[in-house]
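Step one of this worksheet: look at the structure below.
The values are calculated or read from the model by the stated rules, or taken from the named source; none is laboratory data. Just so you know, these numbers come straight off a predicted model, no measurement behind them. Here the Cβ positions follow ideal geometry from the backbone for every residue, glycine too, while neighbour counts run over all protein chains shown. Ligands, DNA and RNA are stripped out before the accessible areas are found, and what is left, the full protein with its side chains, is counted by its heavy atoms. Shrake-Rupley method; radii C 1.70, N 1.55, O 1.52, S 1.80 Å.
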Protein chains: 2
Amino acid sequence: MATQHDSQGEALTERQQAVLDAVLALMVEKGGDLTMTAVARRASCSKETLYKWFGDRDGLLTATVRWQASKVRAGNYDRQRLDVSALRDSLVRFAANWLSVISSPTSIALNRLAIAQGGKGDKGASNLGAIVLANGRFAIGERLRPVFEAGREAGLIAFTDTETAFRTFIGLVGRDVQIRLLLGDTLDLAGPEIERDAARATDQFLALYGTGDNAPRRPTIHA
Amino acid sequence: MATQHDSQGEALTERQQAVLDAVLALMVEKGGDLTMTAVARRASCSKETLYKWFGDRDGLLTATVRWQASKVRAGNYDRQRLDVSALRDSLVRFAANWLSVISSPTSIALNRLAIAQGGKGDKGASNLGAIVLANGRFAIGERLRPVFEAGREAGLIAFTDTETAFRTFIGLVGRDVQIRLLLGDTLDLAGPEIERDAARATDQFLALYGTGDNAPRRPTIHA
DNA sequence: GGAGAACCGTAACGTACGGTACGGTGTTTT
DNA sequence: AAAACACCGTACCGTACGTTACGGTTCTCC
């Protein structure tokens, strides 16, 4: 109780950020079994400092998740003039960005850690899974929601529940990529593949939800 | 080396199956931190027996994953007469079954374990993730493949790559359910919800891949 | 009925790791 | 300059867990 652990004060020193980056690097290359000793050695700091700054192991992990989340704040996707081309462009750019994020080694390692810690029964009041979910999946949903609703206002797409439409879009984009990567499947999404998948998913989504004029019956047989 | 660990001999005694069921039960209710002592106590057997039967902790986990996989072999989905109604029925039944499997506590706990162990660096030559992937996702794909290709042969659906079409289907069915459950999100898929989602996903898939006559332009605004 | 195997329960061992304490060093403050 | 502070490196402690060892009990087979 002597220290305040700057729980979400978010006042991170340069040095502290470097420590958290070391944690991320260690997670990526060594897996989820990262020990405090390994972190201290990698970051060239003492364990005492780690405990003073982050309280305990759980606090360190939580801070790391928040730190990574704060780095992934991607661009905004809404537009002023909204025709079908602009909407499609926004969706494709979002899909490509999201695919590249979830297939990045850092994201995989982070999700792996949060999932592993998720089932730990009583221990650890700070649920990493909830943090990842709030800063990842749900934050993304909130960021894309205005795009969907602007598209509906403009009469380009039609749906009753934004959330359901968004979940369909996310399903078309991600498919089984995330679970396969988490389970260790080696499918490397290169740049062009990501672009192609993003376009395919967006066209499929527009085929399902687009209004009559702009949605071709079956845009192309992508598969 | 005195014992043969019956690696994949699959000659499991009743007693051994009971032990593995105890492991599953323990995984579900206590999370991934299951210890050999806890397993022995829960299964009312000695640790010495555990090690004689399964070699080491990794062997026990591997046997557990295989055992669970052998219990989930669901029904077959292909038909003789194949009209659009039969195809839709097969797909809906598959989707509902798969949704109920991936949302079951056992499946969640098992995937959590496999994912957690996935990033453990050098340790553990037996990759649980690969086993789960082979017996789960890939086995499912192989089982549904004949349905897809029969549908194409019958001219009901059109695609060039079966795998890609299947992945689109799986994306429409699962959406973000699995990752959210793994991260600890509490979304309980009740029976009717599963049925509704399965029907929605199947209709969306048929809208995308169905051939002209049977695929209404936009079947219903499900969302 | 007795020998031997299979197995249960528990104690014991070695290691790994989270967390703490302490000496040493460089930097800031007064 | 001396005191105060922040931090590094390392040694240390307690515990938890994987693994092994052992005495006692039940079952099988002759």
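Structure summary
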{"read-out": "Accessible surface buried upon B-A contact (total; probe 1.4 Å; Å², nearest 100)", "value": "4400 Å²"}
{"read-out": "Teacher prompt: A:Ala190 distances to equivalent labels in other copies, 7 Å Cα→Cβ, nm", "value": "4.9"}
{"read-out": "Per residue value of the accessible surface for the stretch A:14-70 (all protein chains in place, 1.4 Å probe), Å²", "value": "46 Å²"}
{"read-out": "Average beta carbon contacts from partner chains per residue of B:136-146, 10 Å cutoff", "value": "1"}
{"read-out": "Accessible area (Å², per residue) of the stretch A:77-209, counting only protein heavy atoms and a probe of 1.4 Å", "value": "38 Å²"}
{"read-out": "Pseudo-label separations to other copies for B:Asp161 - Cα-to-Cβ vector, 7 Å, nm", "value": "3.2"}
{"read-out": "Nm distances between copies for B:Asp56, ranked from closest, using label points 7 Å along Cα→Cβ", "value": "3.0"}
{"read-out": "Positive-pole candidate from A:Ala69, A:Leu24, A:Phe54, dipole of the stretch A:14-70, charges at beta carbon", "value": "A:Phe54"}
{"read-out": "Shielding by partners, peptide B:21-30 (average Cβ within 10 angstrom, other chains)", "value": "1"}
{"read-out": "Cβ crowding within 10 Å averaged over residues, with A:83-91, B:86-94 ranked highest first", "value": "B:86-94, A:83-91"}
{"read-out": "Carbon plus sulfur fraction of accessible area for the stretch A:77-209, probe 1.4 Å, in percent", "value": "52 percent"}
{"read-out": "Protection proxy ranking, peptides A:159-165, B:198-204, average beta carbon neighbours within 10 Å, highest first", "value": "B:198-204, A:159-165"}
{"read-out": "Equivalent ellipsoid semi-axes, the stretch A:12-71, via Cα gyration tensor eigenvalues times 5, rooted, Å", "value": "14, 14, 11"}
{"read-out": "B:Ser85-B:Glu142 FRET efficiency (beta carbon distance; Förster radius 25 Å; 0.05 resolution)", "value": "0.55"}
{"read-out": "Average partner coverage of A:179-190, which counts Cβ from other chains inside 10 Å", "value": "5"}
